[in-house]
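Take a look at the structure below.
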Amino acid sequence: MCQEANYKLADDVVNSFKRSCETEVSPSGKEILNMLVENAGIAAAESIPMCQDTGVAVVFVELGQDAHITGGNLYDAINEGVRKGYIEGYLRKSLVGHPLERVNTGDNTPAVIHTIIVPGDKIKLTVAPKGGGSENMSSLKMLKPSDGVVGVKKFILDTIQSAGPNPCPPLIIGVGIGGTMEKCAQLAKEALLRPVGQPHSLPDIAELEKEITPLSLYREYPLSVDGEDIGCPVLHTSSASLGKNLKDCTRILLFAATLGSAPDRLIQKYSRLQVSRAVTIQAASAAMIEAWCNEECTRLKTIYEKQGLYLRPRFSPGYGDFSLECQPMILGPLEAGKRIGITLTDSLLMMPSKSVSAVMGAGTAPLGCVPEGCEICTKKNCAYRRSAAADEPQPD
């Protein structure tokens, strides 16, 4: 089982990679996803590990209450299976016998074993090797009851943002809520056993899973800038502030992101029941979408710098003289309504309200722009910096 778990990636995960290949717009991202699919195929066909980190052997035991084990101790038998599996399968042995003395056991034991008692007389074992990269990025927080669902969402998204690329993306996030410290962590581990894309069995938790999934997308086009005149195949406008921001850029990225409709529903609900909570949700969700956009822009910055291109801070319709009339020219080519659910009202405001649309220029000048934008940049004399007037959004 240890060998099979390291050789064969589950079908639900492979299929999720393939689906992501179809929707990924970044050439580098699409290439990496295709490589992961190819790697999984080679590993399964040749019975070799799909990753050099073959993980800690985490074993989940469902022990039937009517089952009777003879001939030895169950945990000893599991550890013997792990030992043989890792040695005979030439899997990397990563465990140490004492966390401070750091002496490798040489056979990847002891396993981490979780046991639950279930009806019946059968025993079911599930082996889930846990890589060190993802394990090291795991996190736990004890929240106050007053933090509520908003606090849960914020902690999850903050943890993902803080982890960045360290857990070896693409990521499957296991979340546990409730119980004591160790129970909550175990629930998070058990959540990883659910097939990718399968919602939680409890309707309210399934809805929460949808609510805490921020979405974003972007597309790149060639760009021409002549003073205030901005031109690309799908966006044509005249803007002095945007022209200044995009000066010397040769490409433009159209970008959109959203937290979905959940924040709007919660704000509307508590505006009637508890205004202070509505204000808190408003502020928290605004911070969450800003943090998500910064995370995505940092990811894009890394991708483009590998191509010798450097991104300017994102610039949204409503800044300076960049008109809201350009909203359809950004969201339309992105198919934002179809792909991530962003639509426009008659007054060109985005729904859901916790959504962002923007453009970003890419050029060969290494200006060192920060994803968070000009507001926190220390280079006050930058020729591309937004003016104070440009920093203020247009009135609705």
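You can think of it this way: the chain between residue 44 and residue 172 has 44.0 nm of extra reach, that is 0.36 nm per residue less the Cα-Cα gap. Pick from 31, 46, 207: which is most flexible by mean-square fluctuation in a GNM of the chain where alpha carbon atoms under 10 Å apart are linked? Residue with maximal mean-square fluctuation among 31, 46, 207: 46.
Mean separation of Cα pairs under 8 Å and 6+ residues apart, divided by the residue count of the stretch 1-56: what relative contact order is that in percent? Don't skip to the answer; put the middle values down first.
Values: 42 pairs, mean separation 27.3, N = 56.
Worked out over the stretch 1-56, it gives 49 percent.
Taking every alpha-carbon pair in the stretch 57-212 and binning the separations at 5 Å intervals from zero gives 2, 7, 13, 17, 18, 16, 12, 9, 5, 1, 0 percent. If R0 is taken as 22 Å, the Cβ-Cβ distance between residue 279 and residue 349 corresponds to a FRET efficiency of 0.65.
Going by a ≥ b ≥ c, the root eigenvalues of the Cα gyration tensor, does the stretch 131-212 fall in the rounded group (a/c under 1.5), the prolate group (a/b larger than b/c) or the oblate group?
Rounded.
Based on the Kirkwood approach, the hydrodynamic radius assigned to the stretch 262-323 is 14.1 Å, with every pair of different Cα atoms included. Of all the options 242, 254, 125, the one that moves most in a Gaussian network model of the chain with Cα springs shorter than 10 angstrom is 125.
Most fluctuating residue of 54, 180, 159 in a GNM of the chain with Cα springs under 10 Å: which is it? The residue that fluctuates most here is 180. Rounded to whole numbers, the Karplus 3J(HN,Hα) couplings from phi for the stretch 341-358 are x, 8, 10, 10, 7, 4, 8, 6, 8, 7, 10, x, 5, 8, 9, 9, 10, 6 Hz, using 6.51 cos²θ - 1.76 cosθ + 1.60 with θ = phi - 60°, and x at Gly and Pro. The angle between the Cα long axis of helix 11-23 and the main principal axis of the chain comes to about 10°, on a 0 to 90 degree scale. One equal scatterer on each Cα of the stretch 165-310, no solvent, Debye formula: the resulting log10 I(q)/I(0) at q = 0.13 Å⁻¹ is -0.86.
Phi angles across the stretch 81-87 convert, under the Karplus curve 6.51 cos²θ - 1.76 cosθ + 1.60 with θ = phi - 60°, into 3J(HN,Hα) values of x, 4, 4, 5, x, 6, 6 Hz, Gly and Pro given as x.
For the stretch 131-212, the relative contact order is 25 percent, taking Cα pairs closer than 8 Å that sit 6 or more residues apart in sequence and dividing their mean separation by the residue count. Pairs of Cα atoms nearer than 8 Å and 6+ residues apart set the relative contact order; for the chain it is 13 percent.
Output the Kirkwood hydrodynamic radius of the chain, Cα pairs only, in Å rounded to one decimal. If you can, show how the numbers build up before the last one.
Numbers: mean 1/r = 0.0413 Å⁻¹.
Final number for the Kirkwood radius of the chain is 24.2 Å.
From largest to smallest, the equivalent ellipsoid semi-axes obtained for the stretch 232-377 from the alpha-carbon gyration tensor read 29, 18, 14 Å.
Computed from the coordinates by the stated procedures, all read-outs in this text should not be read as laboratory data. Every value quoted in this text rests on a predicted model; they were computed, and no experiment measured them. When we count neighbours, we look across all protein chains shown, and the Cβ atoms used for this are built from the backbone with ideal geometry, even at glycine.
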